[in-house]
């Protein structure tokens, strides 16, 4: 896994937030977590990746951040449905960005949105994920990347 | 085409032809008889006219007789007679021989010769009567004087009055007879029509009955064939479908196909729609080109099976969780012919994931063992004890690094501080790797360090600048894991076979302790010499040797890192630039083993212990205020009081003093720490020593 | 007898194909080690069948197949090549070759492939 690959996924999210009314989005220093203890907030949008690398990439955020995100996009209806929608939007942006960056070599799935506990995200237990914190307004979300090289 | 159509539907075609033929002949007959009846009708009319004409002739005769005096009237009456005679004569001979005569409306009418017996008799008799009658009547018409005319008239009238009724009756008979014939023909026509229609109906019912039954039977056959096909398609566990030359999938396909591809309603999809999202575009394009070859008649399909790009293809199917499920499919293609032309291609898809995974696992195992051998050769030269310590050290350092990364920080300043903190760890990992000649670790750590320098040089740092660091971090963790796995394996070999060469490094000389002193002091930029005594002179059980080894390593680390001062400091203190560590093993009595490790360093710094104790959160300042020097020093044996946590630069590498204390206690031994500020530190351990068979050796 | 031209830059492969075919209904009329040689032999010897390697010096198999087809599209070409690149194999068939035999092959495979290739060919 190269930093370039990681960057492609993060850029998708950063770009998304740059288009909100509060453009001030910051990327925190990335770190590793064991997949036995995944980093998950209230809502998560997951995309599957295959190709030279395969695995999972997800965007996870607390409810409060997503509510503010909706508001900053001019959407005042902060229902559960809309929140799931916006998580999906962000995940879509990640996958869209990845598609355009990686081109044909990679296959990127359509995002799946989930609400709640980390048990619903299944990742290889023996692997580690990269967690890249995203700070926006007073809140933090994260892009979590768990990819392994297909050649090994 | 036509032939096969006839073949299949011959019976129905023949039956329908028969039906049409029957209808046509009835129609023709109908026409024919209708014309005949029309002829007969005009015959009846004309014979009726004969009746009338016979009477008119008589009337004309009398007319002539009355008009004798008047030449104009006479001439008119004679002319009328002439007309009547001619008409009667031609009509009669027409009935006799068949000819065309002038009809009532002045148009020519064709009269058939009468054939029926009664009509014949009537005509023949009439002819007999008519012949002399006609002569007499013609005589009347000849241009003669009135007297002669009177003579001839009386002859004609007397013949007429004698035969007129007979002639009338004969003409009447003829008319009746002709009417009878006509009506019998009409009856016949009705019969023929009735019979024809009946036959046609019968034919129709036969067709209906027979062919409906046949249709029903063939429908049933088709239905049961269809059922069989569906049953096969539902139960077969291969993916089956037909593909036409536009790459469109047939409407029928095996149901397992939907499962395999996690798609519904596959029929009618193009190959592109089915495979587009699960194989690469390149594979899809190649496959389409390959399939196009299969539709070419001039190519033998057996001769291109090697070119099938989908013979073993990795597919990625997204599940409901958004994850890609990795599978391996094998596609085979067979031509389907219809009328000797390639109509479709039958595609068979098999899931060969298990087989491929098995193959891969075998290859992977092979590769892993090769890689392990590589790692093994890179670390083989390293002292196993030191290596274990080093790897442990690396893990601790890396988890520290990760913890630093994990702390939330957004500002440039905070990120720069992180960078510095991380650098300390990485630099040490690199330095130690270098001193142990662990090239692989050194290389990764060096890259890591380079990345840090690069980031530092940036004007402004953001979190994403740290991406290369976390990538290297993972690389280091992975490498450390593989080395650890290997050293554990080696250790298990060693304990299974204590006399193995690797273990024997420790057994005799204890030289690895010299290596350790050198490594750690180099890293700490200190000068230290190690003096060992008694280690090789006493035979120790495996348990004791391991314990003493661990105490020695822990003690050496503590002494070099915390105890012994830097060369400059030492010179200032008039101590000589090189520090000294003494390790001694002796029997103080026949049953007690004494082990000590002593340095001439700074002594234990109680202030630092105090600070670390507070930081650990296990003790409050008030508690610590109540501790005397001895109690304070004893804290180093407390669980959770790790030097690694205390001084980040000196990540604990040993098993930890608390563990050592427990092990000593378990052997009913005692552990003592003596320390004098500025003079040095001594750790003494005394352990009850049971004589063993080894002593004899 | 069917006239066979063998095109391969490997001497060993050429000799092997020749040996395998000479005992059957084929008459080997030429051995070429590259596309250019092959083309001139096609003109002089008028073969019915050609076995064609794909990677050769001077003129590769693809170009050679294309040119042979331009001269006489009735010639039946069997591509005999390693399976490193399926696409090139497919390309050769798109250019007019009739079959593909994967290297390495055994004598039986070669015989079977050639027999299949000439099926329906009248001499």
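Brief remarks on what is shown
- Considering the stretch B:504-539, the residues that are over 27 Å from residue B:428 (Cα atoms) and in a helix (DSSP H, G or I) include one that is modelled with the lowest pLDDT, namely B:504.
- Residue satisfying all of: in the stretch A:35-57; over 15 Å from the mean Cα position of the chain (by Cα) and at the interface with chain B (Cβ under 10 Å from one of its Cβ atoms); surrounded by the most Cβ atoms within 10 Å (Cβ to Cβ) among these: A:50
- Cross-chain or 6+ apart pairs with Cβ under 6 Å, the stretch B:117-135 first and within 11 Å of residue B:88 (Cα to Cα), then surrounded by fewer than 13 Cβ atoms within 10 Å (Cβ to Cβ) and at pLDDT 90 or above: none
- Qualifying residue in the stretch A:13-27 (condition: at pLDDT 85 or above, within 12 Å of chain B (Cβ to nearest Cβ), part of a helix (DSSP H, G or I) and in contact with a helix residue (DSSP H, G or I) (Cβ under 9 Å, 6 or more places away or on another chain)): yes
- Among the conditions (1) part of a helix (DSSP H, G or I); (2) within 23 Å of residue B:181 (Cβ to Cβ), the only one that residue B:115 does not satisfy is (1).
- Listed by position, the helices (runs of 4 or more DSSP H) inside the stretch B:227-303 whose residues that are surrounded by 15 or more Cβ atoms within 10 Å (Cβ to Cβ), within 14 Å of chain C (Cβ to nearest Cβ) and touching a helix residue (DSSP H, G or I) at 6+ places or on another chain (Cβ under 7 Å) number at least 3 are B:281-294.
- Of the numbered criteria (1) farther than 13 Å from residue A:49 by Cα; (2) in a helix (DSSP H, G or I); (3) over 13 Å from the mean Cα position of the chain (by Cα), the one residue A:99 fails is (1).
- Screening A:32, A:70, A:6 for residues that are at the interface with another protein chain (Cβ under 8 Å from one of its Cβ atoms) and assigned to a helix (DSSP H, G or I) leaves exactly one candidate, A:6.
- The strands (runs of 3 or more DSSP E) found entirely in the stretch C:47-120 include none that carry 3 or more residues being out of contact with any helix residue (DSSP H, G or I) (no Cβ under 9 Å at 6 or more places or on another chain) and buried (at least 16 other Cβ atoms within 10 Å of the Cβ).
- Only one of B:358, B:307 that is surrounded by 14 or more Cβ atoms within 10 Å (Cβ to Cβ) and either free of Cβ contacts under 8 Å to residues at least 12 places away in the same chain or touching a helix residue (DSSP H, G or I) at 6+ places or on another chain (Cβ under 8 Å) (or both): B:307
- Which numbered condition residue B:343 misses (of (1) at pLDDT 85 or above; (2) surrounded by 20 or more Cβ atoms within 10 Å (Cβ to Cβ)): (2)
- Looking across A:60, A:78, one residue alone is in a loop (DSSP other than H, G, I, E, B) and more than 10 Å from chain B (Cβ to nearest Cβ). It is A:78.
- Residue in the stretch B:468-486 that is closer than 25 Å to residue B:434 by Cα, surrounded by 14 or more Cβ atoms within 10 Å (Cβ to Cβ), at pLDDT below 85 and more than 14 Å from chain A (Cβ to nearest Cβ) present: yes
- Residue check for residue A:90: more than 30 Å from residue B:404 (Cβ to Cβ) and either touching a residue at least 60 places away in the same chain (Cβ under 8 Å) or within 11 Å of another protein chain (Cβ to nearest Cβ) (or both): no
- Residue check: residue C:41 meets all listed conditions (1) out of contact with any strand residue (DSSP E or B) (no Cβ under 6 Å at 6 or more places or on another chain); (2) surrounded by fewer than 22 Cβ atoms within 10 Å (Cβ to Cβ); (3) modelled with pLDDT of 90 or more but one, namely (1).
- When each of C:121, C:114, C:110 is tested for being within 14 Å of another protein chain (Cβ to nearest Cβ), in contact (Cβ under 8 Å) with a residue 60 or more places away in the chain and over 15 Å from the mean Cα position of the chain (by Cα), the lone residue that passes is C:121.
- Helices (runs of 4 or more DSSP H) lying entirely in the stretch B:552-635 (those with 2 or more residues that are surrounded by 13 or more Cβ atoms within 10 Å (Cβ to Cβ) and at pLDDT 85 or above): B:567-572
- Meets criteria (within 13 Å of chain B (Cβ to nearest Cβ), touching a helix residue (DSSP H, G or I) at 6+ places or on another chain (Cβ under 6 Å) and closer than 25 Å to residue B:317 by Cα) for residue A:114: yes
- Any hit, the stretch B:352-363, residues being within 14 Å of chain C (Cβ to nearest Cβ), touching a strand residue (DSSP E or B) at 6+ places or on another chain (Cβ under 9 Å), assigned to a helix (DSSP H, G or I) and over 26 Å from residue C:108 (Cβ atoms): no
- Within the stretch C:5-26, the residues that satisfy the criterion of being within 15 Å of residue C:47 (Cβ to Cβ) and modelled with pLDDT of 80 or more are C:5, C:6, C:7, C:8, C:14, C:17, C:18, C:21, C:25, C:26.
- Of everything listed in (1) modelled with pLDDT of 85 or more; (2) within 19 Å of residue B:175 (Cβ to Cβ), the single unmet condition for residue B:41 is (1).
- Residue C:13 being in contact with a strand residue (DSSP E or B) (Cβ under 7 Å, 6 or more places away or on another chain), in contact (Cβ under 8 Å) with a residue 60 or more places away in the chain and either within 21 Å of residue B:303 (Cβ to Cβ) or in a strand (DSSP E or B) (or both): no
- Screening the stretch B:367-383 for residues that are touching a residue at least 12 places away in the same chain (Cβ under 8 Å) and farther than 26 Å from residue B:556 by Cβ and picking the one that is nearest to the other protein chains (Cβ to nearest Cβ) gives B:371.
The values are calculated or read from the model by the stated rules, or taken from the named source; none is laboratory data. Just so it is clear, the structure is predicted and the values come from calculations on it, not from any experiment. Note: ideal-geometry Cβ built from the backbone for every residue, glycine included; neighbour counts use all protein chains shown.
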